[in-house]
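Some notes on the structure that comes next.
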Amino acid sequence: MKAKEIQELIDYISNSGLAEVKIKTDEFELSIKKYAESSAVRMVEAAPTPAPSPAPAGEAAPAPKSAAPVEAPAPSSSNLVEIKSPMIGTFYLTANPDADPFVNIGDTIKAGQTVCIIEAMKLFNEIESEISGKIVKVLVSNATPVEYDQPLFLVDPAG
């Protein structure tokens, strides 16, 4: 199958009611799973973390829960939008090692603009933004593996 045929098949499956498809031929094997919450862009709202209350005398304070570090959002807005990976593959910020990155922190992007490339099965797929705004944070390092629906960028739509 050619890349365009695979993409058309993925589009067809995502618009159908099917949750999982497996295709096996002599030349290749393809397995596609559709998750219940399959959205390429999801709104996230940054909320301040409440300070732990002091423990009464004589009681040991509960151990703090381990959490991923949270970076403060841009001061202009508390509503940030995630640009997520539409596929499993290797994330690249540049078209080739000598090229400039598609986007940098602080860049203003438009809907439809290429923000990165994800390589899957030797195919390089340009990932386009579905929203306009300002890049607040790049969440993935260059040339690292990414999972389906993994957040790649945080965007301030008001920026």
Sort 107-113, 86-92 by packing, meaning the average of other beta carbons within 10 Å per residue, with the highest value first. 86-92, 107-113
Computed ³J(HN,Hα) along segment 134-142: with the Karplus parameters 6.51/-1.76/1.60, θ = phi - 60°, integer Hz and x for glycine or proline, the list is 10, 5, 9, 7, 9, 8, 10, 7, 4
Cβ-derived FRET efficiency at R0 22 Å, Q7 paired with E27, nearest 0.05: 0.80
Could you list, in their original order, any pairs among K2/K134; K4/K137; K22/K84 whose Cα atoms are separated by more than 29 Å? K2/K134; K4/K137
Each label point is 7 Å from the Cα along the Cα-to-Cβ direction; what then is the distance between the points at A158 and K110, in nm? 2.4 nm
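Every number in this text was worked out from the coordinates using simple rules, so none of it is lab data. Note that this is a predicted model, so its numbers are computed, not measured. Positions of Cβ are backbone-derived with ideal geometry, glycine not excepted, and every protein chain shown enters the neighbour counts.
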